[in-house]
1. Grab the Cα-Cα distance for GLN23 and ARG216, subtract it from 0.36 nm times how many residues apart they are, and report the gain in nm with one decimal.
2. How large, in percent, is the carbon and sulfur part of the accessible surface of the chain at a probe radius of 1.4 Å?
3. Please identify, among THR29, THR64, THR79, the residue showing maximal mean-square fluctuation in a Gaussian network model of the chain using a 10 angstrom Cα cutoff.
4. Dividing the convex hull volume of the Cα atoms of the chain by its residue count, what figure in Å³ per residue is obtained?
5. Pull out the extension gain between ARG126 and ARG147, defined as 0.36 nm times the separation in residues minus the alpha carbon to alpha carbon distance; nm, one decimal.
6. Counting only heavy atoms of protein chains, what accessible area per residue, in Å², does the chain have with a probe of 1.4 Å?
7. Gaussian network model of the chain, Cα springs within a sub-10 Å range: biggest mean-square fluctuation belongs to which of PHE103, PHE127, PHE46?
8. Note the full-extension length gain between ARG224 and LYS12 as 0.36 nm times their separation in residues minus their Cα-Cα distance, in nm to one decimal.
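The values are calculated or read from the model by the stated rules, or taken from the named source; none is laboratory data. As the structure is a computational prediction, the values presented were derived from the model and not from experiment. Counting neighbours? That spans all protein chains shown, and the Cβs are built from the backbone with ideal geometry, glycine included. Side chains included, ligands, DNA and RNA excluded: accessible areas come from the protein's heavy atoms. Shrake-Rupley method; radii C 1.70, N 1.55, O 1.52, S 1.80 Å.
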Amino acid sequence: MIRALLIEDDRKLALLLEEFLGQHGVAATVAQDGVVALQHLSSSRFDILLLDLMLPGMDGLTLTRRIRERWNTPLIMVTARGDDADKIVGLELGADDYLAKPFNPRELLARIRAVLRRMEPNEQERFKSGGLLIDYASREVTVEGQRQSLTAHEYELLVALARNAGRVLTRDQLLEQMKGEAADEAFDRSIDVHVSRLRQKIEQDPRHPRYVKTVRGAGYLLARES
């Protein structure tokens, strides 16, 4: 069973989704606000998070920021707010997908499965380049032995580059590898933002990167070192 944390304050909708997902191999734990959600995350492990932006008390964007400070668990935003600005902010904060209400529960299920497929470890267990080490099984990234806390998007970006180490990837290619069929223009515009933030975390000197290099007019590549 896939273990999901459903963060939704609409009791009726939460119960309907919990029942539907349970019939299709997804065991959902319901949290009605951000405080309860953080408590669940601190005590249990989940495969995916389903988060409503419109929550009482702590709003969904704030909660997403709090979550990404500690966890890389895949996250889908489910909300009635369909503004592009909210969508872009949510994706930049580390959401992996975005679904606007009203929606068909089958679409939510399909998106859950699609996001989790993208998160499956590579056949290789690890990637190493110089002092950079990616452990695909645990989704941990270390630089010179120091663990780096990456958002889900930063991790996906790094993995996409690592799987093509030494090869230039355009923004479109990165977008395709990171988001697949769920790719959209809002996420595309944030590729450069994620590259910048990733460099802040894994590069000793982000202005002169050792690992994630820019190929002017072409895209980005991850340098392969022994």
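1. Working it through step by step, the gained length comes to 64.5 nm.
2. The nonpolar share, carbon plus sulfur, comes to 46 percent.
3. Highest fluctuation among the options: THR29.
4. It comes to 123 Å³ per residue, whole-number rounded.
5. Fully extending the segment from ARG126 to ARG147 adds 6.1 nm.
6. 50
7. Among PHE103, PHE127, PHE46, the largest GNM mean-square fluctuation belongs to PHE103.
8. Stretched fully, the ARG224-LYS12 segment lengthens by 71.2 nm.
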